[in-house]
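What follows is a single structure, written as structure tokens, with notes after it.
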Amino acid sequence: MIAVRDMLRRRGAACILAGLVLLASPAVAVQPDEVLDDPVLEDRARDISAGLRCIVCRNESIDESSAELARDLRLLVRERLVAGDTDDEVIAFVTDRYGEFVLLRPTATGANIVLWLAPVVMLLIGGGLALAFIRRRAASPAPTETALTPEEQARLDDILRD
Amino acid sequence: MIIELGHFAAILAMMVAVFQMIVPMIGAHRGNVAWMAVAEPAATTQFLLTAFAFAALTYAFVTSDFSLSLVVANSHTLKPMIYKISGVWGNHEGSLLLWVLILTLFGAMAAWFGGNLPPRLKARVLAVQASVAVAFFAFMLFTSNPFLRLAVPPFDGQDLNPLLQDPGLAFHPPFLYLGYVGLSMAFSFAVAALIEGRVDAAWGRWVRPWTLAAWVFLTVGIGLGSWWAYYELGWGGFWFWDPVENASFMPWLIAAALLHSAIVVEKREALKSWTILLAILAFGFSLIGTFIVRSGVLTSVHAFANDPERGVYILAIIVIFMGGALTLFALRAGALEAKGVFSTVSRESGLVVNNLLLAVSTFVVFIGTIWPLIAEMFFDRTLSVGPPFFDLAFTPFVFALSAVLPIAAMLPWKRARIGRALRPLVPAFVLALALGLLAWAIYNEASVIAPIGIALSVWLVAGAATDLWSRTGRNSVGHRVGRLFRLPRADWGKAVAHAGLGLTMFGVVALTGYEVEDIRVAQQGQPYQVGAYEVELIRVDENVQGPNYISTTATIALRRDGQLIEMLTPERRFYPVAGMPTTEAGIDSGFTRDVYVTLGDPQTGGGWAVRTWIKPFANWIWGGTIIMALGGLLSLSDRRYRVAAGAARAPATPKGVPAE
């Protein structure tokens, strides 16, 4: 419990800090002067930006954020693209500096494989159980005795008739 | 004085809840009628006392009583009256009081309208409900008391967060709480049934209206929140997969699953233990949502109370209630005998598939939401799980659900032939395919996801219409149309809600797939083209004084084919008391598209940064949400499902009476 409390406290502090930074920022995300002349490159830049987290904001991508740091990152992404980097190289460039926290789409490496496989595995397990259940219901004979007393059955009929 | 009375009423309400938790439960165990019967007056008293406490706090906000620390932190004399009132729940402590108010209201309603419940079950339901109330009263009074006074009251308050000073957000929390807390009724019924050791069709019928009501409230609450984000956050996003949004989305999904499985319990006496489990989990997700919002453990756009101590307390509530209920479930679920038998192709199987997809998709949202916590705690990795993950992992489930839904909705109970069920759906299928192909042909550069989404949403709407039409028999068209309006409201509710889902999906797909965006420096008097529209910055007024803010307001003309459509006035506001800037978008809302304009910074070389979007079918997202909620209400108003069904003992009426 103490470990949980510590972590809660740490995260709480990070949130408040992020909140303060958010308050100090101006109010518009992608600025006209950032936009690249080449529309293909610009599209790629937007796609990449939408997948990178603004690390001083609460939960926004750098594409949505109006924070100063998000702007710097957007410019950095465009700089790398103009220099001829591929999308993956740009993303690697940013993660090398800021860690995997900036990736809004977590990598499928190490423990994260659990995250990525969980939906499929859950669907298979659930689907298997559901199928077994349906099969069993289809095979079993209808139970003859009723669990209700006669008065209860009468009440139920009464309600269901309404 | 009124504040102290309110404080006292809240403490007294907690005492009553403790009493109501213990006495009727023992009474039900021993078969003591008098002990069981005290639950009803206790529930009413608890509600009245809490209502008084809430009224007292509201009074303090309305009269700007700055001797109360909560009012100082969240209000200001200059604030418009509506936001003084919404300020009561626009903070952690006050919203907790609203939470217990709704909790006690639901308990009281179960007491008032539960006339036809067997006394023993009713006593147990009310006792379980009271135990939830005790936990939250204790949470409020011991860790987050809204009635604390200040020794030296200041002259004025610190104002409510300006983002929250908005009509959409003023009513977003109450609806969400009505939904969250409404699910506590399903929980109480589930636990009471487990203690009794019996679940039958009647139980399914009693639990369904509560779940349906909770689901309708959640639908409206989530819709309001999403609509607010759309017009207030400045770039027209409507869903962020933010932890706080997910916190409300998970109970919504599980409640939807519960609604459907309770039908199987009611009609066919099958899926009993699964339905009980869903009822427990639905409330469990409500509690997890509360934890996420109030502990600040997950970084979010709109977490509003970041206090670790509170987080630990809510975690304890979750452990006690979920642990207790699930243990009880493990002990008793085996005793719940399933009766209904059905073949592999049947409505029952269709609803099992519905539950499978909804439950697994809830799990996807859940694991994505808490994964950053797990990764940090156990693997020492600080990482994020954002929209790209959820889009990829969640969308297939929505698509699968909408592909199966119209077919499953038309399968008969017990035993069905797939061919026979599919035949009436052929026109709907052809229409969906044609419109999907059309969308693909027009915008062939967009991904195939959007055309598939369009086809599926058309399939949902057309399927719902087919479902309704097929219920009118085999007579002449005129006869069938007449019959259509005499169908039970539950049938209409089902079709309307399913169609609403299709409309929302259409809006989401169209907006995400076919949005047009423009970013530029706009010079005054120089019009430019965005899509089919002409945009011109007419002027910018700086330092416009609002009631409690200062605004920079642009006037922008929106024209099409030379005709003026609308003068848009996007703003940038600054709230001096809170020291916070906000943006107000200029939006021209339409049936087929929104034009959405925001104002940015003045540029050094003259002109202003202006962003313009054309958002196709944006309003359909919330229109569909309202229609979904309307479907729920229609179903709720069906006289067979009224909360008080059977209580009035109305004489039996023949089926097919016009819906009054």
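Since every read-out is calculated from the coordinates, none of them should be taken as a lab result. Since the structure is predicted, the reported quantities are computational estimates derived from the model, not experimental observations. Note that each Cβ is placed from the backbone with ideal geometry, even for glycine, and that neighbours are counted across all protein chains shown.
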Worksheet item: Sorting A:Ser65, B:Ser447, B:Ser273 on the 10 Å Cβ count, fewest up front, what's the list?
Response: B:Ser447, B:Ser273, A:Ser65
Worksheet item: Around B:Gly525, what is the net charge, scoring Lys/Arg as +1 and Asp/Glu as -1 over all other residues with Cβ under 14 Å from its Cβ?
Response: 0
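If a/c stays under 1.5 just call it rounded; otherwise compare a/b with b/c (prolate if a/b is bigger, oblate if not). Do that for region B:382-477, with a ≥ b ≥ c from the square roots of the Cα gyration tensor eigenvalues.
In terms of gyration-tensor shape, oblate.
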Worksheet item: Leaving out same-chain residues fewer than 8 places away, which aspartates and glutamates sit with a Cα under 17 Å from that of B:Lys339?
Response: A:Glu145, A:Glu152, A:Asp157, B:Asp200, B:Glu266, B:Glu269, B:Glu348
Fill in: Helical mean residue ellipticity (222 nm; -39500 (n - 2.57) per DSSP H run of 4+; nearest 500) of chain B
-21000 deg cm²/dmol
Discussion item. Please compute, for the alpha-carbon atoms of the protein assembly as shown, the extent along each of the three principal axes and give them in descending order in Å.
Written reply: 88, 72, 55
Worksheet item: Mind ordering B:36-44, B:480-488, B:515-523, B:103-111 by average Cβ neighbours within 10 Å, highest first?
Response: B:103-111, B:36-44, B:515-523, B:480-488
Practice prompt. Note down the net charge around A:Val56, summing +1 for each Lys or Arg and -1 for each Asp or Glu among other residues with Cβ under 12 Å from its Cβ.
Written response: 0
Item to complete: Could you sort out which of B:Lys84/B:Lys494; B:Lys272/B:Lys494; B:Lys122/B:Lys414 sit more than 30 Å apart by Cα distance in this structure?
Response: B:Lys84/B:Lys494; B:Lys122/B:Lys414
Worksheet item: Looking at the square roots a ≥ b ≥ c of the eigenvalues of the Cα gyration tensor of region B:1-93, which shape do they give, rounded for a/c under 1.5, prolate if a/b is larger than b/c, or oblate?
Response: prolate
Fill in: Counted charge near B:Asp156, where neighbours are those whose Cβ lies closer than 15 Å (Asp, Glu -1; Lys, Arg +1)
0
Fill in: Rounded, prolate or oblate (a/c below 1.5 giving rounded, otherwise prolate when a/b exceeds b/c) for chain B by Cα gyration tensor
oblate
Practice prompt. Please report how far the C-alpha centroid of region A:53-73 lies from that of region B:186-216, rounded to the nearest whole angstrom.
Written response: 46 Å
Response to the item:
Ranked on Cβ counts within 10 Å of their own Cβ, fewest leading, B:Ser343, B:Ser144 go B:Ser343, B:Ser144
Discussion item. Working only with C-alpha atoms, what are the Rg and Dmax values of region B:1-165, expressed in angstrom?
Written reply: 17.9, 59
